[in-house]
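Read the structure below first, then the notes.
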Amino acid sequence: MRQSWTALGRRGVLAGAGALLALGAGDAPRAAVRTRAKILIIGAGAAGLAAANRLVHRLEGAEITLLDKRREHLYQPGFTLVAAGIKPRDYVLSTTREYLSSGLNLIEESAAEIDPVAKTVTTDAGRRLSYDFLIVATGLELHYEGIEGMDVSRIGQNGMGSIYAGPAQAEATWRAMSQFADRGGIGVFHRPATEMKCAGAPLKYAFLTEDALSRRGNRSRAELIYHAHNRALFSVPIVAEKVRMLYQQRGIPVNHEHVLTRIDLDRRIATFRTPQGEREQPYDFINVVPPMRAPAVVRNSPLAWRTGPWRAEGWAEVDRGTLRHVVFPEVFCVGDIAGVPKGKTAASVKWQVPVAVDHLVASIEGRSSAERYEGYTSCPLITRVGRALLVEFDYQDNLTPSFPGVIAPLEELWITWMMKVVGLKPTYLAMLRGRA
Ligand SMILES: Cc1cc2nc3c(=O)[nH]c(=O)nc-3n(C[C@H](O)[C@H](O)[C@H](O)COP(=O)(O)OP(=O)(O)OC[C@H]3O[C@@H](n4cnc5c(N)ncnc54)[C@H](O)[C@@H]3O)c2cc1C
């Protein structure tokens with residue numbers, strides 16, 4: 001797949017170092033559309049902020065309100081770096097208000113109920129908000145309770161880490177992993193059987209642990225095992241094969257069709273469901289990755305998929321090309337909450353939001369939009385400190401390299417590492433501000 005340098009600049013790069021290119025690559029200036037539409041956005045994380053900041057520049061006179069109780073903004077792609085001891089905890093912390101353009105309202109409450117027939121949202125404080133257009137950007141729920149015996153308050157203790165739970169837990173995981181890298185033993189890695197955000201993160205953490213052991217001269221004192229939930233290591237076959245080969249080289253055996261169901265945090269035993277029945281796995285260090293699902297406010301609403309594989313987890317039933325709800329056309333769902341086959345990365349947010357925003361603005365103008373989201377997702381898959389693979393793909397599992405001829409996908413490169421540790425965050429912040 002060949003692209004011009006202009007296209008390369010447009011893609012920007014949550015994938016990585018295109019940060020500098022992407023910073024100047026927002027939408028071309030165009031006349032704002034005058035409207036008195038009421039637009040409500042649930043969730044002021046990556047997708048909610050990006051959508052709000054784009055809309056405020058595309059519309060004049062609209063009432064745009066964000067709803068989110070959380071005051072902190074979490075730069076989640078940095079959690080892996082905190083959990084690897086590469087960045088401090090505050091690298092991933094800021095506040096939502098830093099990214100609010102003037103003209104946006106923020107209500108610091110949670111959505112408790114969505115009624116898409118009445119076009120209202122009720123908050124946990126009992127406030128009832130009406131809308132003309134709704135953007136659902138709630139992200140997802142980490143369902144730690146789905147693992148029997150799991151206790152989030154014990155992350156970092158007794159060899160148990162979990163980088164997903166938040167900045168403090170990512171830091172606590174680093175301490176546990178670092179102790180393990182000093183002593184050796186059995187290190188266990190896995191992923192849940194549900195849809196999940198950044199499916200590369202569990203794989204990266206196994207690589208990073210292996211690297212930490214090697215750097216400290218303790219690799220021979222440790223046994224590392226990766227338990228995959230199905231028969232593949234990654235949803236894109238060519239990437240799965242590459243990771244399999246690298247794991248083989250690095251001495252990380254893989255068990256397939258193993259799903260973590262129970263953990264005994266005192267005895268350090270993880271129990272996996274397998275086709276042959278339950279299997280107990282002792283560990284000295286484990287990175288627990290919880291099952292993930294839609295937050296209850298969406299899962300238990302008419303917006304969730306009504307049939308099919310995403311019904312139980314409650315992802316929003318949207319058209320995969322437009323992110324528009326299939327039953328309620330004034331509702332768009334972007335980011336992790338969208339029930340689409342690929343995505344659940346900040347990189348997908350970057351490509352989904354402009355599409356949904358254009359369709360929303362087109363509805364206000366009474367025109368139709370030709371913009372489509374083709375499933376672009378990317379993951380700078382760290383394989384050791386100083387090296388990463390740039391994995392980019394679409395709904396069809398095609399590799400969609402942003403830098404053909406410059407950065408070979410599926411090659412362990414220093415430049416891809418630099419994208420992850422230097423380029424990604426400025427690009428992400430530009431996206432939040434609606435500029436990338
Ligand atoms: C460990 C880890 C590593 C990652 N690595 C990468 C990476 O390398 N590259 C990459 O591109 N992506 C990565 N990601 C994924 C990326 O961070 C997410 O896909 C992205 O943040 C999704 O954006 P979002 O807006 O959908 O959700 P979020 O950014 O999580 O925001 C959701 C917001 O909704 C709010 N909310 C929830 N429920 C309600 C409610 N009822 N009412 C009001 N507000 C609500 C929350 O408080 C939150 O502020 C990683 C994530 C993790 C955890």
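A single entry from Ala436, Ala430 fulfils the requirement of being part of a helix (DSSP H, G or I), of a type in the set (Gly, Ala, Ser), in contact (Cβ under 8 Å) with a residue 60 or more places away in the chain and outside the structural domain of Gln76 (by TED's automatic domain parsing): Ala430.
For residues that are assigned to a loop (DSSP other than H, G, I, E, B) and surrounded by 24 or more Cβ atoms within 10 Å (Cβ to Cβ), scanning just region 320-339, find the one that is nearest to the ligand (Cβ to nearest atom). If you could, list the steps in order and put the result at the bottom.
Going through region 320-339, the residues assigned to a loop (DSSP other than H, G, I, E, B) turn out to be 320-323, 326-330, 334, 339.
From what is left, the residues that are surrounded by 24 or more Cβ atoms within 10 Å (Cβ to Cβ) are 323, 334, 339.
On the way: Leu323: 11, Val334: 7, Gly339: 12 Å.
My answer is Val334.
For region 106-144, filtering for residues that are assigned to a strand (DSSP E or B), crowded, with 17+ Cβ neighbours inside 10 Å and near the ligand (Cβ under 10 Å from one of its atoms) leaves 8. Would you be able to say whether some residue in region 46-67 is in contact (Cβ under 8 Å) with a residue 24 or more places away in the chain, within 24 Å of the chain's Cα centre (by Cα) and part of a loop (DSSP other than H, G, I, E, B)? No, region 46-67 contains no residue that is in contact (Cβ under 8 Å) with a residue 24 or more places away in the chain, within 24 Å of the chain's Cα centre (by Cα) and part of a loop (DSSP other than H, G, I, E, B).
Please verify whether region 336-355 includes one or more residues that are in the same structural domain as Ala51 (by TED's automatic domain parsing) and over 17 Å from the mean Cα position of the chain (by Cα). For region 336-355, residues in the same structural domain as Ala51 (by TED's automatic domain parsing) and over 17 Å from the mean Cα position of the chain (by Cα): present. Pairs linking a residue in region 326-341 that is farther than 16 Å from Gly308 by Cα to a residue that is more than 16 Å from the ligand (Cβ to nearest atom) and aromatic (Phe, Trp, Tyr), with Cβ atoms under 6 Å and 6 or more positions apart or on different chains, are Glu330/Phe133.
Note on region 258-307: residues that are buried (at least 18 other Cβ atoms within 10 Å of the Cβ) and under 30 Å from Val331 (Cα atoms) amount to 13. Scanning region 62-76 for residues that are under 27 Å from Asp132 (Cα atoms) and hydroxyl-bearing (Ser, Thr, Tyr) returns a single hit, Thr65.
Looking only at region 49-91, residues that are surrounded by fewer than 21 Cβ atoms within 10 Å (Cβ to Cβ), within 13 Å of the ligand (Cβ to nearest atom) and of a type in the set (Asp, Glu) come to 1 in all.
The values are calculated or read from the model by the stated rules, or taken from the named source; none is laboratory data. Keep in mind that what you see is a predicted model, and the values were worked out from it rather than measured. Note that we place each Cβ from the backbone using ideal geometry, even for glycine, and neighbour counts take in every protein chain shown.
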